[in-house]
Structure formats: C-alpha cells, structure tokens
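Chemist: Below: one structure in structure tokens.
Please treat every number below as a calculation from the coordinates, not as lab data. Being a predicted model, the structure only gives us computed values, none of them experimental. Every residue, glycine among them, receives a Cβ derived from its backbone with ideal geometry; neighbour counts consider all protein chains shown.
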Amino acid sequence: MTQYASKRGIWGWMSFDWSSQPYNTLLLTFVFGPYFTSTVIGDSVRGQEIWGYMLAIVGITIAVLAPILGAISDSSGPRKPWVIVFSVLYVVGAFSLWWATPGMTSTLWILIAFGVGMIGMEFATIFTNAMLPDLGPKEQLGRISGSGWAFGYWGGVLALFIMLLLLAENDEGVTLLGSAPLFGLDAAAREGTRSVGPLTAIWYAVFMIPFFLWTPDIKRKPLEKGMVAKGLSDLGKTLKDLPNQVSLTAYLGSSMFYRDALNGLFGFGGIYAVGVLGWSITEIGIFGIVAAITGAIFAWAGGFADKKYGPKPLIIWCIVALIVVCTTIVSTSREMAFFIPLAEDSNAPDIIFYVCGAVIGAAGGALQAASRTLLVRQANKERMTEAFGLYALSGKATSFLAPFTIAVATSITGNQRLGVSPLIGLFIIGLILLIWVKPDSEEAE
C-alpha cells in the first residue's frame, strides 16, 4: 500500500509556493521590473527591450539544463539537496538587487544577479514539483496543487502589501500610507523600492524552513559509478521515445507556448502599465494586489474544478480568457479603448487594465495549478523529476519567443502597446496543440 505525506508534510510542500511567489510578484512583475525599466534605465521603451533580452537568455539557460538535472536527480534519489543549492542562488540573486540605483551607468551585473536568482527559483521549482505525486492519490493531486498555488498567491499578496504600505515610495517620496519608507530608508535614492530585493530574499529563507523540516523526500539510492552518465542515458531514451507518446509530447508542446505567453504577460504587465498608461509603482502595486487576490481565489477554486472535471478542460477555458485579455490590452491605450477614441481625461483605460489584471490573476493561477497536475497524468512516476525537467524545458525552449518577439516588435514599432501583440499567437498555438492531449496517458498508468 502506497504511503502518502501527512497533512503537515503537504503544508510543508505548499510553503515553497508561499516562499517563492514574491520573486514573481515583487521582482519580475510589479515592483522591480517596472522600477528597473523606468528608473534604473530611465527609458521605458529601451528598458523593455533590455528586460526582454535578459529574460530570453535566462530562459535558454534553464531550457538547456533543466531536463539534464532532472534526469540525474531521478538516478540519485533525494530532491531536497538540489533544492538547497538552487535556494542559495535564489537568495543571493534577489538580495543583490539592492544595488540597482537610479540611473546607474552599468546595469549588466544587476541583470546577471536577477538572472541568477530567477534560475535558482525555476530549478528549485522543478524539484519541488516532482514531489507532488508522492503527496496523495491521483484524484487528490489537483486539489493539492491548486491549494498550493493559492497559498503562494496569498504569500505574494502579503509581501506586496508590506512593500507598498511600508517600503516602496512614489514620486513624492512616500509610501501608500503617506509616510516615509520604513527603517529610515532614503526615498530620494529609491532605497525603499530597492529594498524589494532583500525583502524577497529574506522572505524565502525564512518561510522555506517548514518545507525542509516537514515534507518527506524519497530515499537516497545507492551511489553507483557512472550515475551521471546513467541519468543522461535515461534522458536520451526518454527523448527518443517521445514521438511514440503522442499525448505527452503534444502536452509538452502546448504548454511550451501557452506558458511562454503567460510568462510574457507577467513579465511585461507592469512595464506596459508604466510606459503606456503612465502608472506609478504604487498604482502597479495595487494592480498586482488585485491580480494576486483573484489568482489565489481561482487557483484554490480551480483545484476543486480540476478534481471534478479534470485539468484539461480547465486549461482550455483559462487560455481562452487570456487570449481575450491580450486582445483587450493591444486595443487599449491612454487615448483609446478597444480602438475607440476616448476623452483626454478618461479613466476608462485604467479601469479596463485593472479588470484585465483580475482576469490575468484568475486565469493564470488556475492555469498554472492545473498544468502541473496534467503533467502528472502524462508522465511516468518513476521518472517524475525528469518529466518536470522536460516540462521546464518545454516552458523555456521557446521562452525566448515571448520576451524576444516583444522586444523586437517594440523596437520595430517604437510602441509598447503593439509590442505585446505576439502573445496572442502563442496562446492560440498552445490551444490548438491541446487537441492531441488525453486526460490520462498510457505512460502515466
């Protein structure tokens, strides 16, 4: 009889989502990304180009290494030692963003630090996701995954509240509460906003403790000579056999495109709001809170929908919603909404973008939670870390497409609004490929 994790073990596993979410919420999307492009670079269009190329390079790095590390891990045993290594990268990379000062002459090492932290987060995610099948029976995994993702979103909401209320200053040098940044941080030097790096690093280090203490890991396998070579050999066999696994291959291809598009929305949403709508960091933060709250609610509710209907129908509806959002964003600017001209002082674009943020959070939360449970239904349980490595590969093999095409489209048109239009095509491709995906593949059985 299979022995699954205790409730405390499941809560420990979900603490990773809570711990790591601020890298996406605070750094990638709502605080550091917009701050970097608008204040460190000082030119939103040029900043969006640089940010896009940096994310493309990080994505390629992850795509190359993810399946290799997963294959080696499945041949060696425990996942926690790997999580520790990549957690160090996460913390060091995030903390280093403190030194991203306004108008700094060279931003290369700041971009490297952000990339190192993001690589740490992505690789740690591979190994923690691979633990999901050991937490409970198949029919409960959708609920567990959705609850974990919702827990993570609530962590992002709380961290964003702390950032906006106590630390991040607006152009007048005060936080959302109307007071100076906490701890005597210098608002003129944007120290309140720059503290987002250390806050994210410390948050992760503290809240990962339950994961390491409570969540069970698989047993260490006996060390064998040529273990690395065996892992790579097994990976080679898996890749060679992919054409015979139509459902798994189609799903990896589908997720490759729709997750890339979703990451593009997360990565450029705040940057878009600064450049096109002229929002402040505080306004973007409120937008982020709205998106994170709807994300938490719908990731949790999506877990129950996943349990009742399965993950595939849920994924389809989420992608359709995100296609509508992207079309809305491309057709809306400060001067128009849905290509219809507006009065000069109209607040309709702000309202529309807040609604879009709510939908992005809701659909994105449910989509990501359902995506990892659908992979569990496609993959061989004995090679689960390798499967999530391939999942990361599929998510990063074309991960340069969203940021690169956004960067190129922005460069060619000189227009941030038109620059995000390639995301629509990526979502549509992902939707089409789902036609060949079965709810449960023979490989998983």
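Chemist: Distance between Cα centroids, the stretch 78-122 to the stretch 271-291: provide it in whole Å.
Modeler: So the two Cα centres are separated by 24 Å.
Chemist: I would also like to ask the following. If one takes the longest principal axis of the Cα atoms in the chain, at what angle in degrees, from 0 to 90 and to the nearest 10, does the Cα axis of helix 227-241 lie?
Modeler: Orientation of helix 227-241: about 80 degrees from the principal axis.
Chemist: Still on this model: Relative contact order for the chain using alpha-carbon pairs under 8 Å, separation at least 6, rounded to a whole percent?
Modeler: Working: 825 pairs, mean separation 130.4, N = 445.
Once divided by the residue count of the chain, the mean separation gives 29 percent.
Chemist: Could you give the spread of the C-alpha atoms of the stretch 126-198 along their three principal axes, from largest to smallest, in whole angstroms?
Modeler: In descending order, the Cα extents are 53, 22, 18 Å.
Chemist: Then there's this: For helix 108-129, what angle does its Cα long axis make with the longest principal axis of the chain, in degrees from 0 to 90 and rounded to 10?
Modeler: Rounded to the nearest ten degrees, it is 40.
Chemist: How large is the charge dipole for the chain, taken about the Cα centre, if only the Cβ atoms of Lys, Arg (+1) and Asp, Glu (-1) carry charge, to the nearest 20 debye?
Modeler: Details: 28 positive and 29 negative charges, 296 e Å.
Result for the chain is approximately 1420 debye, rounded to the nearest 20.
Chemist: Using +1 at the Cβ of each Lys and Arg and -1 at the Cβ of each Asp and Glu in the stretch 7-436, identify which of Tyr90, Thr193, Ala66 lies farthest towards the dipole's positive end.
Modeler: Selected residue: Ala66.
Chemist: Normalised radius of gyration for the stretch 8-84, please: alpha carbon Rg relative to 2.2 N^0.38 Å, two decimal places. Please report the intermediate quantities before stating the final value.
Modeler: Numbers: Rg = 17.0 Å, N = 77, 2.2 N^0.38 = 11.5 Å.
Its radius of gyration relative to the 2.2 N^0.38 Å reference: 1.48.
Chemist: Also, I was wondering about something else. Please identify, among Lys138, Lys240, Lys308, the residue showing maximal mean-square fluctuation in a Gaussian network model of the chain using a 10 angstrom Cα cutoff.
Modeler: Looking only at Lys138, Lys240, Lys308, the biggest GNM fluctuation is shown by Lys240.
Chemist: Can you give me the angle between helix 281-309 and the longest principal axis of the chain, using Cα atoms only, in degrees from 0 to 90, rounded to the nearest 10?
Modeler: It works out to around 30 degrees.
Chemist: Summing Lys, Arg as +1 and Asp, Glu as -1, what charge do residues with Cβ under 13 Å from the Cβ of Pro349 carry, Pro349 excluded? Write out the running numbers ahead of the final one.
Modeler: Details: positive: Arg334, Arg417; negative: Glu283, Glu335, Glu344, Asp345, Asp350.
With Lys, Arg at +1 and Asp, Glu at -1, the neighbours total -3.
Chemist: A follow-up question, please. Please give the contour-minus-distance gain from Ser106 to Trp436: 0.36 nm per residue of separation, less the Cα-Cα distance, rounded to one decimal in nm. Display every interim value, and only then the final one.
Modeler: On the way: separation 330, 0.36 × 330 = 118.80 nm, distance 4.76 nm.
Extra length from Ser106 to Trp436 when fully extended: 114.0 nm.
Chemist: Points 7 angstrom from Cα along the Cβ direction at Leu213 and Phe183: gap in nanometres?
Modeler: Taking the two extended label points, one gets 2.4 nm.
Chemist: Given the options Leu433, Ile144, Val116, identify the residue whose Cα lies farthest towards the positive end of the charge dipole of the chain (+1 on Cβ of Lys, Arg; -1 on Cβ of Asp, Glu).
Modeler: Going by the charge dipole, the pick is Ile144.
Chemist: Go from 0 up to the bin containing the longest alpha carbon distance in the stretch 278-402, width 10 Å each, and give me the % of pairs per bin.
Modeler: P(r) over the stretch 278-402, rounded to whole percents: 12, 31, 33, 17, 6, 1, 0.
Chemist: Here is a further query. Evaluated at 25 °C with a viscosity of 0.890 mPa s, what Stokes-Einstein diffusion coefficient in µm²/s does the chain have when Rh comes from the Kirkwood expression over alpha-carbon pairs? Please list the in-between numbers first.
Modeler: Working: Rh = 21.9 Å.
The calculation lands on 112 µm²/s.
Chemist: Using a Gaussian network model of the chain with C-alpha springs under 10 Å, which one of Ile435, Ile271, Ile293 is most mobile by mean-square fluctuation?
Modeler: Ile435
Chemist: Beyond a 19 Å Cα-Cα separation, which of these cross-linked pairs lie in this structure: Lys138/Lys237; Lys237/Lys312; Lys138/Lys312; Lys7/Lys438? Numbers along the way, then the final one.
Modeler: Details: Lys138/Lys237 26 Å; Lys237/Lys312 27 Å; Lys138/Lys312 15 Å; Lys7/Lys438 30 Å.
Correct reply: Lys138/Lys237; Lys237/Lys312; Lys7/Lys438.
Chemist: A follow-up question, please. Show that you can apply the helix-only estimate: for the chain, add -39,500 (n - 2.57) for every DSSP H stretch of four or more residues, divide by all residues, and state [θ] at 222 nm to the nearest 500.
Modeler: Working: 18 runs with 305 residues, N = 445.
Calculated mean residue ellipticity at 222 nm is -23000 deg cm²/dmol.
Chemist: Hey, another quick one. Considering the dipole of the chain built from charges on the beta carbon (Lys and Arg +1, Asp and Glu -1) around the Cα centre, which of Phe304, Val290, Leu27 is farthest to its positive end?
Modeler: Phe304
Chemist: Something else: Taking springs between alpha-carbon atoms closer than 10 angstrom, which of Leu132, Leu342, Leu26 fluctuates most in the Gaussian network model of the chain?
Modeler: Between Leu132, Leu342, Leu26, it is Leu342 that shows the largest mean-square fluctuation.
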